[in-house]
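Colleague: This is the structure I have questions about; it appears just below.
What follows draws every value from the coordinates through simple rules; no lab data is involved. Predicted model only: the values in this text are computed from it and were never measured. Neighbour counts are summed over all protein chains in view; Cβ atoms, including those assigned to glycine, are modelled from backbone coordinates with ideal geometry.
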Amino acid sequence: MEGRRQRGGEGGGGSRGGRGGGQGEKGLRSREGRRKKRGGRSFGPRPRGLHLLAVILRMASVSSAALSSRGARPLLQFLRLVGRLKRVPRTGWVYRNVEKPESVSDHMYRMAVMAMVTQDDHLNKDRCIRLALVHDMAECIVGDIAPADNIPKEEKHRREEEAMKQITQLLPEDLRKELFELWEEYETQASAEAKFVKQLDQCEMILQASEYEDLENKPGRLQDFYDSTADAFPSRTELVVVS
């Protein structure tokens, strides 16, 4: 006990008795109070608006001069708009009452990874990845229109085309042209890469169906998704889903 009093009197005097120590403790209490007001977490100021965009552009090595340009805010709007894809569920799974269905963003991400690991030297891998990331981008506005919605293909295309025009209007002219042309290339199946990515779209769906069946321990419950791809692949293509 004597030892404890000695530490409190001598060691504590520097932090509690002196002017500098009092200020230090006051500063600590002030910081602690601010931390508690923020829910017990310590973090820097929340970036907003152009401050957030400045961080994004810096990560992308964009000139700081762009921050004052007219294209700064629209670029942030674009990123927020496509960010909605993380919250747009894949309608086919919703209609089949799948628990916690994947988002459109989930679907496109794995498609892009599938394109990245392809070993086909006859394809432009970079273009395949870009096509995978763009092909369902319009769904951040129109949602995931499924066959069960009974919307004609022409009407679906019209809606998605209008959505892509709206989305790409937020981008600089060169990017606007690139993204819209990528989307058109996929829609019209105008290249070998577009055809390959369409097959990836179907393959990713089959893989996801298999995973849901495994999670639910209900093999065959989503067989109609497999059946819907019967004509999606060349006759000489063999698909094997490994469980």
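Colleague: Would you mind checking Lys153/Lys195; Lys100/Lys165; Lys195/Lys218 for any pair whose Cα atoms are more than 28 angstrom apart?
Modeller: Values: Lys153/Lys195 18 Å; Lys100/Lys165 31 Å; Lys195/Lys218 32 Å.
In this structure, Lys100/Lys165; Lys195/Lys218 lie more than 28 Å apart at Cα.
Colleague: Quote the FRET efficiency, to the nearest 0.05, computed for Gln223 versus Lys165 with a Förster distance R0 of 45 Å and r equal to the Cβ-Cβ distance. Mind dumping the intermediate values first?
Modeller: Numbers: r = 38 Å, r/R0 = 0.84.
After rounding, the FRET efficiency stands at 0.75.
Colleague: Moving to a separate point now. Along the charge dipole of the range 85-227, Cβ charges K/R +1 and D/E -1, which of Leu131, Tyr109, Tyr95 sits furthest on the positive end?
Modeller: The one lying farthest along the dipole's positive direction is Tyr95.
Colleague: Output the relative contact order of the range 85-227, whole-number percent, from Cα pairs under 8 angstrom with separation of 6+ residues.
Modeller: Details: 140 pairs, mean separation 32.7, N = 143.
Answer for the range 85-227 is 23 percent.
Colleague: Based on other C-beta atoms within 10 Å, arrange Phe225, Phe233, Phe196 from fewest to most. Don't skip to the answer; put the middle values down first.
Modeller: Numbers: Phe225 19, Phe233 14, Phe196 22.
Final ranking by Cβ density, sparse to dense: Phe233, Phe225, Phe196.
Colleague: To make sure I understand, if each residue's beta carbon is the centre and we count other beta carbons within 10 Å, what order do Ser105, Ser210 fall in, fewest to most? Please report the intermediate quantities before stating the final value.
Modeller: Working: Ser105 21, Ser210 17.
Lowest to highest Cβ neighbour count: Ser210, Ser105.
Colleague: Separate question: Can you sort Tyr95, Tyr186 from fewest to most other Cβ atoms within 10 Å of each residue's own Cβ?
Modeller: Numbers: Tyr95 13, Tyr186 23.
Ascending number of Cβ neighbours within 10 Å: Tyr95, Tyr186.
Colleague: Next up: Equivalent-ellipsoid semi-axes (√(5λ), Cα gyration tensor) for the range 89-240, whole Å, largest first?
Modeller: Values: eigenvalues 133, 79, 39 Å².
Those come to 26, 20, 14 Å.
Colleague: How many nm separate the modelled label positions at Asn150 and Gln189, each set 7 Å beyond the Cα in the direction of the Cβ?
Modeller: Taking the simple label geometry, Asn150 and Gln189 are separated by 2.6 nm.
Colleague: Can you tally the net charge around Tyr109? Count Lys and Arg as +1, Asp and Glu as -1, for every other residue whose Cβ sits under 12 Å from the Cβ of Tyr109.
Modeller: Details: positive: Lys86, Arg110; negative: Glu102, Asp106, Asp136, Glu204.
With Lys, Arg at +1 and Asp, Glu at -1, the net is -2.
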